[in-house]
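FYI, it's all coordinate maths here, none of it is from the lab. Remember, predicted model here, so these are calculated numbers, not experimental data. A quick note on method: Cβ atoms are made from the backbone with ideal geometry, for glycine too, and the neighbour counts reach across all protein chains shown.
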Amino acid sequence: MRSLVRCGLFIALLGIVGCGSDPREALINSTIEYLKQAANDVTTIKDHVDEAVKKQENKKLNAKELKEAYSAIDSLKEVPKKLQIAKQRIESVSGSTTAEQREALRQQFQQKLSSAMARIEEERLALEKSITAAEAVDADSVKDLRSKLTEAEGSFVILARQR
């Protein structure tokens, strides 16, 4: 999940450095929104893991809640695809931005970007705590969940490595 944060920062920074007019600002805003969506997906996963623990029976996590967590992981896997498209659009317009415009955009969007990144990290840490609690109940089910999360994280890692 740390790679998720690094990837988001990388994509967002490309947007800040390379954009300058209203359509470019829209690209930055959409990148920030994708980061917020990733944080929301992580929150949803955490909430379903917490519910699975609360609704456990005979040392087995609640299957319905786990299924919902898996659906949220699938949603999380879609975010890198959206970020990739945004990255391509940002790269296509980045050359026409002056240094002054870049600095103005940096000042305009730095706080929003920092907030989105901080939220992802906060939610990632909360999810890790929830998963640890779930492991105490049903380690086998959590193993599958961790596997799916690692798979989702891999999509972000691949995106972050594309430069």
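The overall shape of the chain is prolate: from the C-alpha gyration tensor, with semi-axes ordered a ≥ b ≥ c, the ratio a/c is 1.5 or greater and a/b exceeds b/c. Descending by average beta-carbon neighbour count within 10 Å, the peptides 102-115, 142-155, 43-56 line up as 43-56, 142-155, 102-115, the highest first. Mean projected area of the Cα convex hull of the stretch 94-144, taken over all directions, amounts to 5.3 nm². Once the Cα atoms of helix 139-161 and of the chain are each reduced to a long axis, what angle between those two axes, in degrees from 0 to 90 to the nearest 10, is obtained? Long axis of 139-161 versus the principal axis of the chain: about 10 degrees.
The slack between GLU151 and LYS55, meaning 0.36 nm per residue of separation minus the straight C-alpha distance, is 32.0 nm. Between the beta carbons of LEU125 and ALA104, assuming R0 = 30 Å, the FRET efficiency works out to 0.35 to the nearest 0.05. For the pair THR132 and GLU91, a Förster radius of 35 Å applied to the C-beta separation gives a FRET efficiency near 0.35, rounded to the nearest 0.05.
Using just its DSSP H runs of length 4 or more, each adding -39500 (n - 2.57), the chain gives a mean residue ellipticity at 222 nm of -31500 deg cm²/dmol after division by all residues.
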